[in-house]
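Peer 1: Pasting a structure here, questions to come.
The values are calculated or read from the model by the stated rules, or taken from the named source; none is laboratory data. Nothing here was measured: the structure is a model prediction, and the numbers come from that model. We place every Cβ from the backbone using ideal geometry, glycine too, and count neighbours over all the protein chains shown.
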Amino acid sequence: MSETFDRYVSPLSERYASRRMQAVFSPDMKFKTWRKLWIALAETEKELGLPITDEQIEEMKSHADDINYEDAKAREKVVRHDVMSHVYAYGLQCPKARGIIHLGATSCYVGDNTDIIIMREALGIIREKLINAVDRLAAFAEKYKDLPTLAFTHFQPAQPTTVGKRATLWIQEFMMDIEDLDYVAGSLRLLGSKGTTGTQASFLELFEGDQEKCGRLDPMIAEKMGFAGCYPVSGQTYSRKVDTRVLNVLAGVAASAAKFSNDIRLLQHLKEVEEPFEKGQIGSSAMAYKRNPMRSERIASLSRFVVADALNPAITSSVQWFERTLDDSANKRLSVAEGFLAADGILDLVVNVADGLVVYPKVIRKHLMAELPFMATENIMMDAVKAGGDRQELHERIRQLSMEAGRMVKVEGKENNLLDLIADDPAFPLSRDELAALMDPAAYVGRAPYQVEVYLENVVKPLLEENRGILGGTSEITV
């Protein structure tokens, strides 16, 4: 049996996450970033006066990307330490620089700084996909801003809204996620090179007690790696609360996506709106007629995983002892990477579904018109009062007639005949034509179309315009 089929393979990589996100969490990304950090450290130490030569740094740069994995793997079997194994392997390729690679640093210098760099890169991908999701939903909202539909509270028919207005509710939650993401991503800092307990004692020794040079070390490394700075204080690691903040952003994205997908699933049950369904797609192995909302269901399923996954860093950050324990490592390798891979897959599905939503206006109207007589009773009563009726008496008659119409619908299974009952009741001096004129759905949606226009123009479009360069990306759906 081939290697592919005789061991566990994560569904996140095989079915859900994009190749782009997988590359961010790949060994190549990790270990190439380690080497970039070692180069930045050596360059900074040289600039601060340590006896490191240009030749040594150039040698390190010449092997920044061609990682000798087999050497590192063989060494790790002996020393049981991943960082020292890669220091050793790098040294084999860079004999002149061997003695200054990782000089003064601890394992967390490459491990933690790389984790921050990877999370920032991954957040950038999530942001791009969020903005594309908003873009697709904004086009949908614009197109259907005037189409009246039943609104639902408690999934019971309520005062009408429009299909486009409902879409703005989905958009707004994703916009909140973008705000949260931008804040967290903008606040990320590197660990820097703080030493074994965060005191920089090894660097104070290297720089012969020069506090000023020690103080310049972290900012210089941060600048080389494209960061605004480093966390001002730390133990051996950056605070694991950082991971909590990052995964809380992903959990927020997942919650927004789940809300969107659940609404689509309910609408598909009503046959009002459907997710895209491909020509050869099979809805059910037994029931050939079915068009199951499988993409929306997958969004809901993966979202549940991400929301639950956010507990991992929260618990981990709460049980870190003093300056460092290692009970974070195994959990962190799983929870952070898989949280991002799952969120990435979720957003690909959101973009795909939003891009291909199918709307059935005649079904929407049918459902709306079946309920509209109940919702028009206030207007009917007011017109009857204007024609000389008594409001209190009319209110009671409408209540009675509404109960009778409701009985006809629920018990008899017949059409809503409330308008006929009102037209036949002498208490209401309104003709059938006058009553029919009150049945224009657009008269009952309030400011919904205008709210869509204002929201898209004032809130959504400025964001999309600022990010025009990343719009239009296609989502990568494997199955």
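Peer 1: Test Pro232 against the stated conditions and say whether it is surrounded by fewer than 19 Cβ atoms within 10 Å (Cβ to Cβ), modelled with pLDDT under 95 and more than 18 Å from Leu37 (Cα to Cα). Give the derivation first.
Peer 2: On the way: surrounded by fewer than 19 Cβ atoms within 10 Å (Cβ to Cβ): yes; modelled with pLDDT under 95: no; more than 18 Å from Leu37 (Cα to Cα): yes.
So Pro232 fails the test.
Peer 1: Further, regarding this structure: Out of the residues in the range 97-110 that are part of a helix (DSSP H, G or I) and either out of contact with any Leu (no Cβ under 9 Å at 6 or more places or on another chain) or hydrophobic (A, V, I, L, M, F, W, C) (or both), which is surrounded by the most Cβ atoms within 10 Å (Cβ to Cβ)? Can you show your working first?
Peer 2: Initial filter on the range 97-110 (part of a helix (DSSP H, G or I)): 98-100, 107-110.
Retained after the next criterion (residues that are either out of contact with any Leu (no Cβ under 9 Å at 6 or more places or on another chain) or hydrophobic (A, V, I, L, M, F, W, C) (or both)): 99-100, 107-108, 110.
Working: Gly99: 11, Ile100: 22, Ser107: 16, Cys108: 23, Val110: 26.
So, considering only residues that are part of a helix (DSSP H, G or I) and either out of contact with any Leu (no Cβ under 9 Å at 6 or more places or on another chain) or hydrophobic (A, V, I, L, M, F, W, C) (or both), the one surrounded by the most Cβ atoms within 10 Å (Cβ to Cβ) is Val110.
Peer 1: Now, a different point. Consider only pairs whose beta carbons are under 6 Å apart and that are at least six residues apart or on different chains; among these, list those whose first residue lies in the range 451-478 and is farther than 30 Å from Ser10 by Cβ and whose second residue is in a helix (DSSP H, G or I) and of a type in the set (A, V, I, L, M).
Peer 2: Val452/Ala141; Leu456/Ala138; Val460/Ala138; Asn467/Ile131
Peer 1: Consider Leu41 carefully, then state whether it is crowded, with 17+ Cβ neighbours inside 10 Å and modelled with pLDDT under 95. Don't jump to the end; show me each part of the working.
Peer 2: Values: crowded, with 17+ Cβ neighbours inside 10 Å: yes; modelled with pLDDT under 95: no.
Spelling it out, it is not the case that Leu41 is crowded, with 17+ Cβ neighbours inside 10 Å and modelled with pLDDT under 95.
Peer 1: Right, next: Limited to the range 183-213, what total is found for residues that are over 21 Å from Thr325 (Cα atoms) and either loosely packed, with under 14 Cβ neighbours inside 10 Å or among the polar types (S, T, N, Q) (or both)?
Peer 2: Number of matching residues: 8.
Peer 1: State all residues of the range 203-251 that are of a type outside the set (A, V, I, L, M, F, W, C), over 20 Å from Arg120 (Cβ atoms) and not assigned by TED's automatic domain parsing to the domain that holds Gly124; if no residue qualifies, say none. Can you show your working first?
Peer 2: As a first pass, look at the range 203-251 and keep what is of a type outside the set (A, V, I, L, M, F, W, C): 205, 208-213, 215-216, 218-219, 223-224, 226, 229, 231-232, 234-241, 243-245, 248.
When the remaining residues are screened for being over 20 Å from Arg120 (Cβ atoms), the result is 205, 208-213, 215-216, 235-236.
Across the range 203-251, the qualifying residues are Glu205, Glu208, Gly209, Asp210, Gln211, Glu212, Lys213, Gly215, Arg216.
Peer 1: Which one is nearest to Tyr109 (Cα to Cα), of the residues in the range 68-96 that are assigned to a helix (DSSP H, G or I) and polar (S, T, N, Q)? I'd like the intermediate steps shown before the answer.
Peer 2: From the range 68-96, those assigned to a helix (DSSP H, G or I) are 69-79, 82-93; that's our starting set.
Going one step further and asking which of them are polar (S, T, N, Q), we end up with 85, 93.
Details: Ser85: 15, Gln93: 21 Å.
Filtering the range 68-96 for residues that are assigned to a helix (DSSP H, G or I) and polar (S, T, N, Q), the one nearest to Tyr109 (Cα to Cα) comes out as Ser85.
Conditions tested, residue by residue: (1) modelled with pLDDT under 95; (2) out of contact with any helix residue (DSSP H, G or I) (no Cβ under 7 Å at 6 or more places or on another chain); (3) aliphatic (A, V, I, L, M); (4) within 18 Å of Ile39 (Cβ to Cβ).
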residue	(1), (2), (3), (4)
Val78	no, yes, yes, no
Asp82	yes, no, no, no
Tyr90	no, no, no, yes
Cys94	no, no, no, yes
Ala97	no, no, yes, yes
Ile101	no, no, yes, yes
Tyr109	no, no, no, yes
Ile117	no, no, yes, yes
Ile126	no, no, yes, no
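Peer 1: While we're here: When you go through Val363, Val307 one by one, which is the residue that is in contact (Cβ under 8 Å) with a residue 12 or more places away in the chain, outside the structural domain of Glu142 (by TED's automatic domain parsing), touching a helix residue (DSSP H, G or I) at 6+ places or on another chain (Cβ under 9 Å) and among the hydrophobic types (A, V, I, L, M, F, W, C)?
Peer 2: On the way: Val307 fails: outside the structural domain of Glu142 (by TED's automatic domain parsing).
Checking each option against the conditions leaves just Val363.
Peer 1: What is the number of the single condition among (1) outside the structural domain of Glu297 (by TED's automatic domain parsing); (2) of a type in the set (Asp, Glu); (3) in contact with a helix residue (DSSP H, G or I) (Cβ under 6 Å, 6 or more places away or on another chain) that Asp390 does not meet?
Peer 2: Here Asp390 clears every test but (3).
Peer 1: Could I ask something else about it? Of the numbered conditions (1) in contact with a strand residue (DSSP E or B) (Cβ under 6 Å, 6 or more places away or on another chain); (2) not in a helix (DSSP H, G or I), Ile364 fails exactly one; give the number of that condition.
Peer 2: (2)
Peer 1: Using the structure shown, decide if Tyr109 is of a type in the set (Phe, Trp, Tyr) and under 24 Å from Gly192 (Cα atoms). Full working, then the answer.
Peer 2: Working: of a type in the set (Phe, Trp, Tyr): yes; under 24 Å from Gly192 (Cα atoms): yes.
Answer is yes for this residue.
Peer 1: Which of the residues belonging to the range 20-53 are in contact with a Lys or Arg (Cβ under 8 Å, 6 or more places away or on another chain) and assigned to a helix (DSSP H, G or I)?
Peer 2: Just the residues of the range 20-53 that are in contact with a Lys or Arg (Cβ under 8 Å, 6 or more places away or on another chain), to begin with: 39-40, 43-44, 48-49, 52-53.
Listed by number, the residues that qualify are Ile39, Ala40, Glu43, Thr44.
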